[in-house]
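Readers should treat all values here as calculations from the given coordinates under stated rules, not as data from a laboratory. Please read these numbers as outputs of a predicted model, since none were measured by experiment. Cβ sites come from the backbone with ideal geometry, for glycine too, and all protein chains shown count toward neighbours.
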Amino acid sequence: MSPPARFALAAFAAAAAFLLPPNPQATLAPTLLRGDPAPPVAPAAVALPAAHVDVTLSAGTRVVRPGQAVRLDLRFVSAAGWHTYWKDPGESGYPPSIDWEKTLNAKPAEAEQWVWPTPQVFVSGGQRANVLARDAVIGIPLHIAADAPLGGRVVLQGKVAWLECDDKTCVPREKEVSIELEIAADAKAPAPPAPPPPTPPAPPTPPSPQPVSTVATPPPPPPSTTSTPSTTSTPSTPSTPSTTSTPPSPSLSEWQPWTPEVQASLLAAGRIVYVDFTARWCATCQVNKRVYGDAALADALRARNVALLRADWTRRNPAIAAELARYRRAAIPFNVFLRAGREPVILGELLTAGSVAAGLEKIATAPAAPTTPTAGATDVSASAASASAAGASPSTLALLAAAFLGGLLLNLMPCVFPVLGLKVMSFARQSGEDRRRVVAHGLIFTAGVLASFWVLAGVLLVLRGGGASLGWGFQLQEPAFVLALAVLLLALALNMAGVFEVGGKIVGAGDTLASREGWRGAFFSGALATVAATPCAAPFLGVSLGAALTLPAAASFAVFTAVALGLAAPFLVLSAAPGLARLLPRPGAWMESLKQGLSFLLFGSAAWLLWVLSAQVETGLLTVYLGMVGVAFACWVFGRWGSQSRPARVRRVASLVAAGLFVASCAWMFAAVL
């Protein structure tokens with residue numbers, strides 16, 4: 001094995017060792033990564049500390065009727081300094097759940113339909129979590145069976161599981177809860193009086209980066225009809241008196257999780273609202289976050305008392321998808337300023353401190369003009385949505401041009417750069433070959449990009465036609481796909497670093513392709529470029545793809561085709577223009593050094609995908625880390641004893657052992673996260 005290869009393998013092993021917690025007890029801190037839950041509860045011989053969160057289940061009425069819908073209140077009362085977690089816990093913890101053991105004459109709603117109070121943000125050890133503290137009530141809709149016997153009883157029994165934490169430790173808890181309700185003996189009897197409506201609460205208190213000491217009261221539901229079922233009922237939580245007469249000024253460390261209720265409440269209170277639609281798997285979103293560290297921008301936001309909301313789309317969220325659809329968008333990043341009675345100010349895909357400041361000034365000085373949330377979204381997507389599938393109207397041509405330009409700019413995004421470098425090396429190697437062969441490679445690469453985009457578009461349109469709320473990069477919301485892509489990139493990186501060599505059969509990314517494997521390798525490299533591009537959103541891409549998903553199928557495929565052609569255009573031009581190809585450096589030893597250097601970009605991409613995965617799964621991250629080490633070990637075994645310099649028998653044994661290790665490691669990882 002070459003010295004660079006040894007160094008690459010050692011670097012990956014060091015990174016894996018860094019990712020693994022040295023002390024299992026460390027996973028009990030509030031910095032607990034989602035997916036690294038607390039170790040199993042201690043055996044009976046070791047007593048857990050006393051619970052710091054009390055859980056009760058109650059109802060607003062004791063008498064119900066068949067077919068009636070009532071609400072249960074699951075109340076969490078936390079001791080000072082302690083908390084449990086919201087439905088989207090953020091970067092640590094996991095939400096409460098109920099395992100119903102008995103449901104007689106009634107059916108409780110699934111967790112997706114629960115009514116949650118407004119959370120607070122808790123920051124500890126660099127990890128941000130959305131938490132519930134003090135007195136928090138989760139509403140659980142309950143439907144009484146239509147055939148429930150008059151004079152009978154409704155009986156519910158279940159086990160509540162939650163994670164309670166303070167600033168030093170976390171403890172998993174469980175508690176049996178039950179409730180019995182009477183079924184009226186007379187079906188025509190008047191319905192029992194409903195509990196009095198809660199006092200309209202003040203706007204949510206911006207969260208503190210310190211351990212929580214107050215809990216914000218739930219805001220009233222918005223008038224919008226696009227809310228999900230979990231946001232249509234009014235919580236009956238008693239309001240907590242506000243501790244200040246005016247809302248404190250926000251800072252860039254005081255982001256709140258976005259929900260339709262929070263947004264509506266802040267707008268009703270007259271606040272300017274800035275919403276950042278983001279996700280861990282969105283590389284462009286992570287790059288955009290750099291602007292929030294600008295001191296001048298932070299001062300401007302504080303001066304305008306702007307409320308900062310973050311809509312995290314790392315995991316599938318129908319409410320976020322529905323909100324994006326209101327702006328005719330299907331891709332992120334998406335950033336918008338909102339103010340009641342003003343047209344929304346939509347920012348571009350790539351943010352700068354100046355563009356955000358300009359958007360803030362525009363929304364702050366805009367005259368009042370009552371609109372719907374999408375009425376002011378003046379961009380090409382608005383006209384494209386109403387374009388006819390037949391004919392090429394100016395709006396359709398503008399949309400296709402924007403799509404092509406967006407695909408072209410994707411080549412400059414960090415997601416595609418490693419593949420870009422490899423393909424450029426491939427053209428450099430082929431610069432002295434027959435021109436027809438070089439052109440053929442470019443055409444086959446373009447075919448791979450087109451085929452992959454068409455498959456992606458077809459799956460996306462079919463799923464959206466079935467009612468699913470999806471968008472660009474939707475496959476990265478699935479933990480299995482993220483893990484599979486991380487394994488693929490790790491294997492590619494190890495191959496590029498020289499740990500093992502298999503030519504074009506596996507890698508095929510424009511690297512050392514033998515003549516017989518070159519066609520398949522060129523096609524596969526085009527497909528790989530498409531997969532690598534999905535976490536990125538270049539300028540013009542969000543508008544184009546958002547509009548594409550509102551058009552008829554033929555027009556949508558035309559837009560996706562334009563994006564694909566834009567992505568493949570540089571390679572197609574390079575292959576078709578011999579003069580340009582001759583400008584590339586002559587093949588030589590530098591190509592091997594460049595290839596090994598680019599491998600570290602793929603190692604980084606694999607590590608980034610594991611970071612994305614940590615926000616999508618609730619268990620199994622340690623298994624994933626160890627499984628990735630197993631994959632690397634399998635590749636090393638294959639490279640060490642499976643090379644052509646070894647005897648045939650040794651190669652066969654090494655191949656079988658490496659394949660067994662690879663398959664076993666992958667099976668172990670996927671079983672842990674699925």
(message) I need to check one value: relative contact order of the stretch 38-182, counting alpha carbon pairs closer than 8 Å and at least 6 residues apart, in percent.
(response) 31 percent
(request) Any chance you could check the Cα centroid distance between the stretch 156-181 and the stretch 296-352 for me, in angstrom? (result) 35 Å
(request) Arrange the peptides 106-114, 598-606 so that the one whose residues have, on average, the most other Cβ atoms within 10 Å appears first. (result) 598-606, 106-114
(request) Could you calculate the contour length gain from LYS362 to VAL462, that is, 0.36 nm times the residue separation minus the distance between their Cα atoms, to one decimal place in nm? (result) 32.1 nm
(request) Compare the peptides 562-569, 290-297 by average per-residue count of other Cβ atoms within 10 angstrom and give them in order, highest first. (result) 562-569, 290-297
(message) Longer than 30 Å from Cα to Cα, which of LYS87/LYS289; LYS107/LYS168; LYS87/LYS168; LYS87/LYS107; LYS87/LYS175 are they? Say none if no pair is.
(response) LYS107/LYS168
(message) Under 12 Å between alpha carbons, and skipping anything fewer than 8 positions from LYS159 in its own chain: which aspartates and glutamates qualify?
(response) ASP99, GLU101, GLU174, GLU176
(request) Quick one: net charge around SER645, please, counting Lys, Arg +1 and Asp, Glu -1 for every other residue with C-beta under 12 Å from its C-beta. (result) +2
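Can you tell me, using C-alpha contacts under 8 Å and at least 6 residues apart, the relative contact order of the stretch 267-324 as a whole percent? Mind showing how you got there, number by number?
Values: 46 pairs, mean separation 29.9, N = 58.
That works out to 52 percent.
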(request) Name the long-range amide H neighbours of GLN68: under 5 Å, sequence gap of 5 or more, or other chain; modelled H, no Pro or chain starts. (result) ILE144
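Let me check I've understood the local charge: for LYS362, count other residues with C-beta under 11 angstrom from its C-beta, Lys and Arg +1, Asp and Glu -1. What total comes out?
Working: positive: ARG339, ARG342; negative: GLU343, GLU361.
Value of the local net charge: 0.
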(message) Please list 3J(HN,Hα) in residue order for the stretch 565-572, calculated via the Karplus relation 6.51 cos²θ - 1.76 cosθ + 1.60 where θ = phi - 60°; whole Hz, with x for glycine and proline.
(response) 5, x, 5, 8, 4, x, 6, 5
(request) Could I have the simple spin-label model distance between ALA576 and ALA589, label points 7 Å from Cα toward Cβ, reported in nm to one decimal? (result) 3.9 nm
(request) Count the net charge of all other residues whose Cβ sits under 11 Å from the Cβ of GLU180, scoring Lys and Arg as +1 and Asp and Glu as -1. (result) +2
